[in-house]
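Report on the following structure.
The values are calculated or read from the model by the stated rules, or taken from the named source; none is laboratory data. Small disclaimer: the values here were computed from a predicted structure and weren't measured. Backbone-built Cβ (ideal geometry, glycine too); neighbour counts: all protein chains shown. We work out accessible area using only protein heavy atoms, side chains counted, and drop any ligands, DNA or RNA first. Shrake-Rupley method; radii C 1.70, N 1.55, O 1.52, S 1.80 Å.
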Amino acid sequence: MRKAAITELAELARTDRRVVLLTADLGFGVLDEFAREFPGQFVNVGVAEQAMVGVATGMAEAGLLPYCYSIATFSFLRPFEFIRNGPVAHRLPIRIIGVGAGTDYAFDGLTHYALEDLALARTQPGLTVYAPVTDEDTRALVRESYGQCGPAYFRLSRQGAAAPSHDVRSQTAETTEVLVLALGTAVERAERVAQAVAAAGASVRVLSVLRFDTTTAEDLAAHLTRSRACVTVEDHYRVGGLGAAVAEVVATRALAVPVVMDAVESLPVGALGSAQYLESKLHRPIGELVSDVLGALKLEADRT
């Protein structure tokens, strides 16, 4: 994903000298080719993420289109006040690229786990969040962000998912018993949840939420109204994440759709290991999720 993002950014930089890439002393190997080809459009500010956003704010005020790159906890969480008071407050076209969504940096521990970034980003009016699933999604969304007026945050995993994504915005709403909604590369776990639901005899559909902006609630509502139950799957804390966004849509529109959330609910201190190990430590067994959603379907059936 990170390579795909920078490759697409290079395409933009070739035709628009306003495109500038900033890094906080990270991304070596991924950013090298861009730095060699565009030395006048590349800045390494050093280990100073707040300064990176501050410099980008000045660049945007001067008419440039800055993209800030680092690990997600450093590019978004650490300079959050600067993002709030700069790009968000002044509606500037600054794009923050955060690599390592959720527990993607599995062996590096809590300091590198971006488990609350979506929750923070969703509090900021006018800040678009992109959560691609595949490398193809990443390139398309980088291109989309180029045409946006306001700020944006990219929530990237290091590697994209192999299977193609099915975006809630582009997919036609269809009737299904269970709608499974996924955030980013958590779609791989979402597919396993869906397989278990289907094996239990319920019809199921898996979609991904690739962006959070002013029309995402309408996108979600269109699909939720055609579903009897919903499961949200994400590598993010339960509070403020995809599940919370879906619950807000259900509550504010009085939809009769129970929501089962699969998210991180405990502090992942000491939970180091492979992605598979962290999934087993931080997420409920898929069997429990399926049991909950089948119970919700039965409850809805009893009510009708």
Residue pairs within 7 Å by beta carbon, gap of at least six or interchain, first lying in the range 113-125 and more than 11 Å from L77 (Cα to Cα) and among the basic types (K, R), second open to solvent by 10 Å² or more (accessible area, probe 1.4 Å) and not in a helix (DSSP H, G or I), listed first then second, are R122/F212; R122/G240
Those residues of the range 34-67 which are over 18 Å from D16 (Cβ atoms) and either open to solvent by less than 50 Å² (accessible area, probe 1.4 Å) or in contact with a Pro (Cβ under 9 Å, 6 or more places away or on another chain) (or both) amount to V45, G46, A48, E49, Q50, A51, M52, V53, G54, V55, T57, G58
Screening S280, S266 for residues that are of a type in the set (G, A, S), out of contact with any Ser or Thr (no Cβ under 6 Å at 6 or more places or on another chain), modelled with pLDDT under 95 and assigned to a helix (DSSP H, G or I) leaves only S280
Quiz item: Do we find that A56 is within 27 Å of V269 (Cβ to Cβ) and small (G, A, S) in this structure?
Solution: no
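Filter the range 42-88 down to residues that are among the hydrophobic types (A, V, I, L, M, F, W, C) and touching a His at 6+ places or on another chain (Cβ under 9 Å) and give me whichever is farthest from V142 (Cα to Cα).
Step one: of the range 42-88, the residues among the hydrophobic types (A, V, I, L, M, F, W, C) are 42-43, 45, 47-48, 51-53, 55-56, 59-60, 62, 64-65, 68, 71-72, 74, 76-77, 80, 82-83, 88.
Pick out the ones that are also touching a His at 6+ places or on another chain (Cβ under 9 Å) and you get 60, 71-72, 74.
Details: A60: 17, I71: 17, A72: 16, F74: 20 Å.
Top of the filtered list is F74.
Can you work out which of the residues in the range 95-120 that are among the hydroxyl-bearing types (S, T, Y) and under 23 Å from N44 (Cβ atoms) is surrounded by the fewest Cβ atoms within 10 Å (Cβ to Cβ)? Show your work before the answer.
Taking the range 95-120 and keeping what is among the hydroxyl-bearing types (S, T, Y), we get 103, 105, 111, 113.
Filter once more, keeping what is under 23 Å from N44 (Cβ atoms): 105, 111.
Working: Y105: 19, T111: 10.
Taking the candidates together, the pick is T111.
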Scanning the range 157-187 residue by residue, those assigned to a strand (DSSP E or B) and open to solvent by 30 Å² or more (accessible area, probe 1.4 Å) turn out to be E177
Here the residues within the range 271-287 that are closer than 13 Å to D235 by Cβ and either among the basic types (K, R) or open to solvent by less than 60 Å² (accessible area, probe 1.4 Å) (or both) are A271, L278, E279, K281, L282, H283
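State whether one or more residues within the range 242-254 are in contact with an Asp or Glu (Cβ under 8 Å, 6 or more places away or on another chain) and either assigned to a strand (DSSP E or B) or open to solvent by 10 Å² or more (accessible area, probe 1.4 Å) (or both).
From the range 242-254, those in contact with an Asp or Glu (Cβ under 8 Å, 6 or more places away or on another chain) are 242-243; that's our starting set.
Narrowing the set further to residues that are either assigned to a strand (DSSP E or B) or open to solvent by 10 Å² or more (accessible area, probe 1.4 Å) (or both) leaves none.
Within the range 242-254, none of the residues are in contact with an Asp or Glu (Cβ under 8 Å, 6 or more places away or on another chain) and either assigned to a strand (DSSP E or B) or open to solvent by 10 Å² or more (accessible area, probe 1.4 Å) (or both).
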Per the filter on the range 188-216, residues within 17 Å of A162 (Cα to Cα), open to solvent by less than 50 Å² (accessible area, probe 1.4 Å) and either touching a Pro at 6+ places or on another chain (Cβ under 7 Å) or not hydrophobic (A, V, I, L, M, F, W, C) (or both) are R189, S208, L210
Checked against (1) outside any helix (DSSP H, G or I); (2) open to solvent by 20 Å² or more (accessible area, probe 1.4 Å); (3) under 26 Å from V53 (Cα atoms), R139 satisfies every condition except (1)
Worksheet item: Is there a residue in the range 128-136 that is among the hydroxyl-bearing types (S, T, Y), assigned to a helix (DSSP H, G or I) and at negative phi?
Response: no
Here the residues within the range 191-228 that are under 16 Å from M261 (Cα atoms), in contact (Cβ under 8 Å) with a residue 60 or more places away in the chain and either of a type outside the set (V, I, T) or in a strand (DSSP E or B) (or both) are R192, A196, S208, R228
Scanning the range 75-94 residue by residue, those within 16 Å of V45 (Cα to Cα) and either open to solvent by 10 Å² or more (accessible area, probe 1.4 Å) or modelled with pLDDT under 95 (or both) turn out to be R78, F82
T123: passes all of (1) in contact with a Gly (Cβ under 6 Å, 6 or more places away or on another chain); (2) of a type in the set (S, T, Y); (3) open to solvent by 40 Å² or more (accessible area, probe 1.4 Å) but (1)
